[in-house]
Amino acid sequence: MAKPDEFSAANRRASERRANTAVAVAARYDRRRDRIVISLNTGVELAFPPGIAQGLQDATPSDLSDIELSPSGFGVHFPKLDAHLYLPALMQGIFGSKTWIAAQLGAEGGKSRSRAKTLASRANGKRGGRPRKTAAG
């Protein structure tokens, strides 16, 4: 359990961070533009399409219309989706975990169509398709 002086120090650090960092004061889903709009205490608004954020890719407008902010102003929560976004990361252009982002990039790369990829696919097809994986042993 934390000691009283550790608790006070943590509260002091949190207050300093909140005073020196932009925090969310409001959030909404703009159906017309298909954007999540987060208003900051600095007067700036951060807007992004929900499809690029982890946990929001397949959300319906109804799911996105219910948004909660954490008391610190650093968290954005979508209760119907159980999705959480971290404002400092969003402001850096990070819309998900490293694993999720890597999966998104891999999926995009797998969709690419190049002449070399097409020729390799045809050559594999003539030989019976993709080679089967063999058990290591």
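The values are calculated or read from the model by the stated rules, or taken from the named source; none is laboratory data. Owing to the predicted nature of the structure, the values given are computational and were not obtained by experimental measurement. Don't worry about glycine lacking a Cβ; one is built from the backbone with ideal geometry, like all the others, and counts go over all protein chains shown.
So in the range 44-60, with the set limited to residues that are part of a helix (DSSP H, G or I) and surrounded by fewer than 16 Cβ atoms within 10 Å (Cβ to Cβ), which one is modelled with the highest pLDDT?
For the range 44-60, the residue satisfying everything is G51.
Output the qualifying pairs, or none if there are none: Cβ atoms under 8 angstrom, residues six or more apart or on different chains, first residue in the range 24-52 and free of Cβ contacts under 8 Å to residues at least 24 places away in the same chain, second residue assigned to a strand (DSSP E or B) and of a type in the set (K, R).
Once the first residue is free of Cβ contacts under 8 Å to residues at least 24 places away in the same chain and sits in the range 24-52, its partners that are assigned to a strand (DSSP E or B) and of a type in the set (K, R) give V37/R28; A47/R35; P49/R35; P50/R35.
Any residue in the range 23-32 that is in contact with a helix residue (DSSP H, G or I) (Cβ under 8 Å, 6 or more places away or on another chain), surrounded by fewer than 13 Cβ atoms within 10 Å (Cβ to Cβ) and not in a helix (DSSP H, G or I)?
yes
Give the residues of the range 10-22 that are basic (K, R) and surrounded by 14 or more Cβ atoms within 10 Å (Cβ to Cβ), sorted by residue number.
Passing the criteria: only R18.
Just to verify a result, which residue in the range 7-64, among those that are among the β-branched types (V, I, T) and under 16 Å from the mean Cα position of the chain (by Cα), is farthest from F78 (Cα to Cα)?
Ranking the candidates gives I52 first.
Of all residues in the range 78-96 being within 20 Å of R18 (Cβ to Cβ) and buried (at least 17 other Cβ atoms within 10 Å of the Cβ), which is modelled with the highest pLDDT?
Ranking the qualifying residues of the range 78-96, first place goes to L85.
Do we have D63 as of a type outside the set (F, W, Y), part of a loop (DSSP other than H, G, I, E, B) and over 21 Å from M91 (Cα atoms) here?
Here the answer is no, as D63 does not meet what is asked.
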